[in-house]
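The values are calculated or read from the model by the stated rules, or taken from the named source; none is laboratory data. Because the structure is predicted, anything quoted here is derived from the model rather than measured. Cβ placement follows ideal geometry from the backbone for every residue including glycine, while neighbour counts extend to all protein chains displayed. The protein model used for the area step is the full one, side chains on, heavy atoms only, and it has no ligands, DNA or RNA in it. Shrake-Rupley method; radii C 1.70, N 1.55, O 1.52, S 1.80 Å.
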Amino acid sequence: MIDQLAEIGDSLRTHKTRTALAILTVAWGIFMLVLLLGAGRGIQNGVELQFKDDAVNSIRIYQGKTTIAHNGLARGRSIQYSNADYDQVQAKVPHVDKLTARYYVGDNRVSYGGQQAAFDIRGVHPDHLYLEKTIITAGRYINELDLIERRKVCVIGLQVVDRLFAEVSPLGKLIELGGTVCQVIGVFTDEGSRSEEETVYMPVSTTQLMFAEPQRLHMLMYTVGDASYQQSKDSEQQVRSLLAETHNFAVEDKRAARIYNNLDEYKKITDLFFWVRVFVAVVGVGTVLTGILAVSNIMVISVNERRREIGIRKAIGATPGSITRLIVLESVILTTIAGYIGLLASLGLLELLKATVPENEYMYQPDVNTFVVVSVTVLVIASGTLAGYLPARRAARINPVEALQPS
Amino acid sequence: MIDLSGISKSYQMGQHRVHALREINLQIQPGEFVAIQGSSGSGKSTLLNVLGILDTPDTGSYTLDGHAIENLSTADAARYRNRFIGFVFQSFNLIHHKSALDNVALPLYYQRVARKQRNLKALEYLEHVGLKDRADHKPSELSGGQSQRVAIARALITQPALLLADEPTGALDTSTSEQIMNLFHEVNAQGMTVVLVTHEPDIAAQAHRSIVLRDGDIVSDRTRDAARHNISDHDSDPVNHS
């Protein structure tokens, strides 16, 4: 084996230009393949980062109108949620982690001192904090006690503060809204969107009381924690059948209760990236294949140039098998060296990108995993064998009588 | 040593069928020094290729050192060549990117002899042909005579029973040719069978037995040194006029 390697090293050294060219082609192919895979992974990571930032693994349930006649009830009936729906979701639906309802206050005028402006006013449960990724900058958020005691308290966004409070701390101040007065207990910001900061949050029970609708809810939303995509779909289905039963509509009537599962969007993107990866792999493998063809071509030329040498070897006792092994091994060694040069170069560039390109939504942590590295290694060795095999067969069939004819 | 009977070989050349060898019968005893003569196209190279198991005859049988050379796989033919036959060519046929030492050692590589051992042996054979100090030289750094001596060392290193030489002095000047021929005489004296193809009468004259081919037939088969080889040893037709 060592002898054989020495023989090959000898042959590769003798044809330096040819060797360098072959190595360059394959290395380039592998370089492009790994770089494409790494960049694809980086783009995917970027999108996943966006998802983590903007939206949690949440399921949002809006009320709607029936579009299918059911149990003798005509279609077009409005479905309205209530506290009972909230309680049922909490009690009966699997994988519910954080749960909140919303009560939308119709009258959106808010005033303090002489200032008045229009803002979204929402009655919510304490868990709303997590669902909207609200960040408290001063004071606190709504808690269970506020809810139970139906306190007239509110948490306001930074935009609200800007508009109503000039140079005074809003905390503890009383603002007017919906014909009543309530105390500011907290201020929040939201990295996701500025418009979110133009919102006033109150305990859901307080808003229900203010408008004399003690049971009324407009919307429900919850997260599914660490549940898988399938589990979140099961959870969503549970909610749908629960609501259909309670509100007497057909379970297949998607418009009666409009349910949006954020994981659906996530799944779509993940699926898209699966195909992006497939595409990248096809393009990359194509590039590698070009490299393989180049190596095969170079091996054919090499065999032709070495006809006489192969003839001599056969005359002095080289078996066709030993000639085949020599050429195939030469090709494998050539592609393996080239493959690793390409692999190391691309991994180096990816590391450099990771270290220098600042975190952004389009490209985040471009990387390839061990699986890719192992696959590339297997690919290189397999393709080296393939590239060498046909030229090797040709070499093994060289007739020494013809090869040794004085030229 | 060698027993050829009814060996024929023909090639298709365009529309003509060229009979390179016609029904050749030839016996060569161990230790003989045989020269095969003939003009180009007489079939002498084809005969040498058949003897060297580089070419297979269309008909006839060939026995080499008691082994029937028939229906051999290409791999077996390679092993027979490696074990029984040493080749010397007109154009030396050294591998140009290998040193003299590596060239000489190559047949042992195909016998799976360890590197150290075969290099040691190669050096011994290079010394034998007077080129020990040229061991690290590439063929391009050697003169014609030196190259041929390296080639002879390579042919001898496996200690074959049969040494086949195809115009070994064809590319060399007279004094160098003499050195080469002396090497052949030397190994022949040690008992190795030597068959060489030549068209130079003075080279052929140094052999103990001279065979002349014409159009694929043996037209003359003479033994010069009656003390060593009796004519009656040869069963083939001494003169075969076609």
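When the residues of segment B:83-97 are filtered to those that are open to solvent by 10 Å² or more (accessible area, probe 1.4 Å) and facing another protein chain (nearest Cβ under 7 Å), the one that is modelled with the highest pLDDT is B:PHE87. In summary, B:ASP235 fulfils each of the numbered conditions (1) surrounded by 15 or more Cβ atoms within 10 Å (Cβ to Cβ); (2) at pLDDT below 90 with the single exception of condition (1).
Of the residues that sit in segment B:50-63 and are more than 8 Å from chain A (Cβ to nearest Cβ) and under 26 Å from B:VAL150 (Cα atoms), which one is nearest to the chain's Cα centre (by Cα)? Here the answer is B:LEU51. Residues in segment A:1-47 that are within 14 Å of chain B (Cβ to nearest Cβ), touching a residue at least 60 places away in the same chain (Cβ under 8 Å) and charged (D, E, K, R): A:GLU7, A:ARG18.
Does segment B:103-110 contain at least one residue that is surrounded by fewer than 20 Cβ atoms within 10 Å (Cβ to Cβ), in contact (Cβ under 8 Å) with a residue 40 or more places away in the chain and within 13 Å of chain A (Cβ to nearest Cβ)? No; the residues of segment B:103-110 include none that is surrounded by fewer than 20 Cβ atoms within 10 Å (Cβ to Cβ), in contact (Cβ under 8 Å) with a residue 40 or more places away in the chain and within 13 Å of chain A (Cβ to nearest Cβ). With respect to A:SER296, determine if the residue is among the hydroxyl-bearing types (Ser, Thr, Tyr) and within 14 Å of chain B (Cβ to nearest Cβ). Answer is no for this residue. Scanning segment B:158-174 for residues that are part of a strand (DSSP E or B) and acidic (Asp, Glu) gives a single hit, B:ASP166.
Of the residues examined, B:ALA100 is not one that is within 11 Å of another protein chain (Cβ to nearest Cβ) and modelled with pLDDT of 90 or more.
Of all the residues that make up segment B:111-157, how many are of a type in the set (A, V, I, L, M, F, W, C), more than 22 Å from the chain's Cα centre (by Cα) and away from chain A (no Cβ under 13 Å)? Number of matching residues: 4.
Scan segment A:299-312 for residues that are more than 11 Å from chain B (Cβ to nearest Cβ) and crowded, with 20+ Cβ neighbours inside 10 Å and the total you get is 3. Helices (runs of 4 or more DSSP H) fully within segment A:59-154 that include at least 2 residues being open to solvent by 60 Å² or more (accessible area, probe 1.4 Å), more than 30 Å from A:ASP253 (Cα to Cα) and not assigned by TED's automatic domain parsing to the domain that holds A:ARG255: none found. Does any residue of segment A:335-346 turn out to be under 29 Å from B:SER45 (Cβ atoms), at pLDDT 85 or above, crowded, with 19+ Cβ neighbours inside 10 Å and assigned by TED's automatic domain parsing to the domain that holds A:ASP10? Checked against the condition, which is being under 29 Å from B:SER45 (Cβ atoms), at pLDDT 85 or above, crowded, with 19+ Cβ neighbours inside 10 Å and assigned by TED's automatic domain parsing to the domain that holds A:ASP10, segment A:335-346 yields no hits at all. Just name the residue that is farthest from the chain's Cα centre (by Cα) out of those in segment A:341-357 that are in a helix (DSSP H, G or I) and free of Cβ contacts under 8 Å to residues at least 12 places away in the same chain. Step by step, filter segment A:341-357, then rank; the result is A:LEU344. Among the conditions (1) in contact (Cβ under 8 Å) with a residue 60 or more places away in the chain; (2) surrounded by fewer than 18 Cβ atoms within 10 Å (Cβ to Cβ); (3) within 12 Å of chain A (Cβ to nearest Cβ), B:PRO30 misses just one, which is (3).
Among the residues of segment A:377-392, is any over 38 Å from the mean Cα position of the chain (by Cα), within 14 Å of chain B (Cβ to nearest Cβ) and modelled with pLDDT of 90 or more? No, segment A:377-392 contains no residue that is over 38 Å from the mean Cα position of the chain (by Cα), within 14 Å of chain B (Cβ to nearest Cβ) and modelled with pLDDT of 90 or more.
Got a number for residues in segment B:58-79 being in a strand (DSSP E or B) and either touching a residue at least 40 places away in the same chain (Cβ under 8 Å) or crowded, with 17+ Cβ neighbours inside 10 Å (or both)? Number satisfying all stated conditions: 6. For segment A:194-249, a tally of residues being crowded, with 19+ Cβ neighbours inside 10 Å and in a strand (DSSP E or B) returns 10.
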